1. For the range 62-76, how many residues meet the condition of being surrounded by 14 or more Cβ atoms within 10 Å (Cβ to Cβ) and not small (Gly, Ala, Ser)?
2. For residues in the range 1-44 being under 25 Å from ILE63 (Cβ atoms) and among the hydroxyl-bearing types (Ser, Thr, Tyr), which is modelled with the lowest pLDDT?
3. Take SER84 and decide whether it is surrounded by fewer than 13 Cβ atoms within 10 Å (Cβ to Cβ) and hydroxyl-bearing (Ser, Thr, Tyr).
4. Does LYS97 count as closer than 19 Å to TYR134 by Cβ and touching a residue at least 60 places away in the same chain (Cβ under 8 Å)?
5. Looking at the range 89-146 only, could you name the residues that are assigned to a helix (DSSP H, G or I) and among the small types (Gly, Ala, Ser)?
6. Which one is farthest from LYS81 (Cα to Cα) among residues in the range 16-51 that are within 23 Å of the chain's Cα centre (by Cα) and charged (D, E, K, R)?
Amino acid sequence: MKNNLSKALAYCSKNIRCKSEVVYKIKTWNLDSEEETNIIEFLDLHNFFFSDESYIDKYLENISSVKGYSKIQLKIKLLKKNISPKLIDIKLNEYFKDNEEFELVKFIKRNSRKLKSKPREDAIKYLLSKGFKYNHISKNIDMDNL
């Protein structure tokens, strides 16, 4: 068990992880159910997991510094982590309350070549399909300065 516990601790320490990710990883090691349960309980007891709430905060902080994502794109990514949709909605609403326009501007800059090649209406439709709000798009899209 010590070897597998060390392996689990190393996995937890390499990156920000939610509980479902760690549990899934441990299950892929094909351990007997008692050892699996003991490792998960140890990690849970000693707070080696991030709570889903703090995981979402860290995830949004890290991912938003790299790329511009819409609320819908982030929700899909977080749902894949088996996090409660209600918690995801709460955290995304908090985050996007102040950051939605900022994320849109980053997205437009990152995709400027694609957007410049489209007529204005198509560019707006594309941004809407990515989950951005029309009032933010119309305010920030300037086809001359993409």
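1. 6
2. The extreme case among them is SER13.
3. For SER84, the condition - surrounded by fewer than 13 Cβ atoms within 10 Å (Cβ to Cβ) and hydroxyl-bearing (Ser, Thr, Tyr) - is not met.
4. no
5. Selection gives SER112, ALA123, SER129, SER138.
6. Checking each candidate, the answer is ASP44.
Quick grid of which residues meet (1) without any contact (Cβ under 8 Å) to a residue 40 or more places away in the chain; (2) in contact with a Cys (Cβ under 9 Å, 6 or more places away or on another chain); (3) assigned to a helix (DSSP H, G or I):
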site: TYR11; (1), (2), (3): yes, no, yes
site: SER20; (1), (2), (3): no, no, yes
site: VAL23; (1), (2), (3): yes, no, yes
site: ILE26; (1), (2), (3): yes, no, yes
site: ASN30; (1), (2), (3): yes, no, no
site: LEU43; (1), (2), (3): yes, yes, yes
site: LEU74; (1), (2), (3): yes, no, yes
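The values are calculated or read from the model by the stated rules, or taken from the named source; none is laboratory data. Please read all numbers here as calculations on a predicted model, not as lab measurements. Positions of Cβ are backbone-derived with ideal geometry, glycine not excepted, and every protein chain shown enters the neighbour counts.
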